[in-house]
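Everything below concerns the one structure shown next.
The values are calculated or read from the model by the stated rules, or taken from the named source; none is laboratory data. Being a predicted model, the structure only gives us computed values, none of them experimental. We place every Cβ from the backbone using ideal geometry, glycine too, and count neighbours over all the protein chains shown.
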Amino acid sequence: MSEVAIHFNKKHHYLNKHFKFFILQTNLNDGKLRKSIETDLIHYFKSLNIKIINKKIPNKKYITKLSFA
């Protein structure tokens, strides 16, 4: 089960009400590039103390391209 599924199966968590997502870039067909950008964003959000539901935090060494570059 994914972290999103686990989170929204908890009491008082409603997918229709609380789930939001933003599309920052489309057509990311290169899996390595997509994972690099996702890893960068996860570390960026954590540095700003923004709550995220990811339990597995990828190592920064996997960042090959910055999200906003």
*Any chance region 62-69 includes a residue that's at pLDDT below 90 and loosely packed, with under 11 Cβ neighbours inside 10 Å?*
yes
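Of the residues that sit in region 25-39 and are touching a helix residue (DSSP H, G or I) at 6+ places or on another chain (Cβ under 8 Å) and surrounded by 11 or more Cβ atoms within 10 Å (Cβ to Cβ), which one is modelled with the lowest pLDDT? Before you say what the answer is, go through the steps one by one.
Going through region 25-39, the residues touching a helix residue (DSSP H, G or I) at 6+ places or on another chain (Cβ under 8 Å) turn out to be 25, 28, 35-36, 39.
Subsequent filtering for residues that are surrounded by 11 or more Cβ atoms within 10 Å (Cβ to Cβ) retains 28, 35-36, 39.
Numbers: 28: 84, 35: 89, 36: 91, 39: 92.
The residue in question is 28.
What is the residue count in region 40-51 for residues that are out of contact with any helix residue (DSSP H, G or I) (no Cβ under 7 Å at 6 or more places or on another chain) and under 17 Å from residue 3 (Cβ atoms)?
6
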*Could you give me the residue pairs with C-beta distances under 6 Å whose first residue belongs to region 52-69 and is under 28 Å from residue 5 (Cα atoms) and β-branched (Val, Ile, Thr), whose second residue is surrounded by 10 or more Cβ atoms within 10 Å (Cβ to Cβ) and modelled with pLDDT under 80 wherever it lies, and which are 6+ apart or on separate chains?*
53/3; 53/7
